Amino acid sequence: MADDVFADAESWGFETRAIHAGQPHDPVSGAVVVPISLATTFAQEQVGVHRGYEYSRTGNPTRTALQDCLASLEGASHGLAFASGMSAEDTLLRTLSPGDHIILGNDAYGGTFRLISAVVAPMGVEWTAVDLTDLDALAGAVTPSTRMIWAETPTNPLLTIIDIAAVAQVAHDAGARLVVDNTFATPYLQQPLSLGADVVVHSTTKYCGGHSDVVGGFLASNDHELADRLAYLQNAVGAVGSPFDNYLTLRGLKTMPVRMDRHCSNAAAVVDLLDGHPKVSEVLYPGLPGHAGHEIAARQMSGFGGMVSFRVAAGRDAAMRLAASTRVFTLAESLGAVESLIEHPGAMTHASAAGSPLEVPDDLIRLSVGIESTVDLVADLAEALDRL
Ligand SMILES: *Cc1c(COP(=O)(O)O)cnc(C)c1O
C-alpha cells in the first residue's frame, strides 16, 4: 500500500482508521508499526528550518501518530495526547480565568470533582454541581459568567445517561462550551462532537489503552481557536506522556472496536444474570429498558458499554464480601481493560466522596466486564452470589 493512500484516511470506516489513521508506513524502513521515537531533539537544516519537530515536549512523532489517530476516531480536526486523563483535564481547565464559572455533573468522576473544587476553584474559578439529567436545574445554574459545562455519560459508578445534544443546546445558549468526558463510552460507541459537544476528554488509561498497562489522557475538538490555545498550553505546561506510553495507547486503539463489541456482549450476559436475581436489589445498566436513560442511550450510543453496577440486597457487608469472593473478576480499582474487575465504590474509588454530593450507596458494586469467556464470567458471579 503506497503511503499516499493514507491521504484518504478520513473516508475510511472506524475500524480501518483505528488501525491506520495517522500511521503511514515508516518512510525509512517501510515498518508497518509507528516507531517509538525517543529523540528529545531534532536536527534543523537552517535555523528554524526543520521537518516539523524541534523538541519532544513540543512535538514528538509517536505522539503525533496517536493524536492523529484518536482525533480521527472522535471525528475531530484536532487532538492532543497527555500524560494522564487528569493532566488533559487540567490543561483544558487552564483555558478558564478567575471569575469564570463552570457547571459539572453532580456525579462527575471523583478526580474531576477534586481538580475543580480543590485545585481550580482556589485560583478563582467558580463552580456548581448539578444533576445534568434535569435540564431545568441546569438552565437555573447558568450564570452570566458560565464558560463551561462539564458532562460525563455514562457516569461513574451510577451509569446515569446525559442527553449530550440537549445539554449542548443549554451550553451554547449561554455562550459556554460543552465538554464531554467520553472515557466510559469510547468514540466507538459515542461521538460527542457530532452531537454538539465542543471538546471531548478521555482517560485513555481505560478502554482506549485497554490493557491496564498505560496511563494517558486526550483532548479532541473541532474548534480551531480553542485547539490552538490547548496546543499552546500543552507545550507551556508540559503534561505529555512518554513516547512508549503513546505507542502503547496507539497499539490499544487498533483493537478497541473488537474489544468494545465483546465488552458490550459480555456485559449484556452479566446483566441477564443479575437482573431479577434474588440477591440483587437493583441493576444499573443503560441497556436495560427500565433504566431512566435507556432511550437517550439507545439514541446517542451504538452500544451500551462494558460497565455494570448493581446493589446487593443484603446490604453493605454482603457487598464487601461479594467483591472479595469472585475469582475471574479481580478486586481492583480502574476499568476498561481486557480483564474483568469488581469493586465496592463506596469503600474504594468513591470513598473520598462520603458526605459530598457524589456519595454513592454503600451496597453498590461496580463491574468492569472484560473480554474473557462469557460462560466463565457469568459462572463466577453466579457462584459468588450463591455463596452470600
Ligand atoms: C480514570 C478517569 C479519569 C482520570 O484519568 P487518569 O488517566 O486516571 O488520570 C477521568 N475521567 C474518567 C471518567 C475516568 O474514568
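Any read-out appearing in this document is the output of simple, stated calculations on the displayed coordinates, not a laboratory observation. Note that the structure is a prediction, hence the values are computed from the model and not measured. Positions of Cβ are generated from backbone atoms using ideal geometry, with glycine treated the same way; all protein chains shown enter the neighbour counts.
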With each pseudo-label sitting 7 Å past Cα toward Cβ, what's the Ala314-Glu383 distance in nm, one decimal? 1.8 nm
For 215-223, 200-208, 17-25, 275-283, ranked highest to lowest by mean beta-carbon neighbours within 10 Å, the order is 200-208, 215-223, 17-25, 275-283
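Evaluate the relative contact order of the range 167-305 (contact order divided by residue number), counting alpha-carbon pairs under 8 angstrom at least 6 apart; express in whole percent.
On the way: 162 pairs, mean separation 31.2, N = 139.
RCO, the range 167-305: 22 percent.
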For Glu74, residues with placed amide H under 5 Å, excluding near neighbours: none
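Checking the a/c ratio against 1.5 first, then a/b against b/c, what shape does the Cα gyration tensor give for the range 259-388? Numbers along the way, then the final one.
Working: a/c = 1.41, a/b = 1.13, b/c = 1.25.
Taking the square roots of the gyration eigenvalues as a ≥ b ≥ c, the range 259-388 is rounded.
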Separation of the Ser352 and Leu38 label points, Cα + 7 Å toward Cβ, nm: 3.4 nm
Is the chain best put as rounded, prolate or oblate by its Cα gyration tensor, with a ≥ b ≥ c the root eigenvalues, rounded for a/c under 1.5, and otherwise prolate when a/b is larger than b/c, oblate when not? oblate
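Would you compute, from DSSP H runs of 4+ residues alone, the mean residue ellipticity of the chain at 222 nm, taking -39500 (n - 2.57) per run and dividing by the full residue count, rounded to the nearest 500?
When only DSSP H runs of four or more count, the value is -10000 deg cm²/dmol.
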For Cα pairs less than 8 Å apart in space and 6+ apart in sequence, what is the mean separation divided by the residue count of the range 257-386, i.e. the relative contact order in percent? 28 percent
Per residue of the range 118-131, what does 6.51 cos²θ - 1.76 cosθ + 1.60 with θ = phi - 60° give for ³J(HN,Hα)? Whole Hz please, x for Gly and Pro, Karplus curve as stated. 10, 10, 7, 4, x, 8, x, 8, 7, 9, 9, 9, 9, 6
Mean separation of Cα pairs under 8 Å and 6+ residues apart, divided by the residue count of the range 3-251: what relative contact order is that in percent? 23 percent
Note down the nm distance, to one decimal, between modelled labels 7 Å out along Cα→Cβ at Ala324 and at Leu135. 4.7 nm
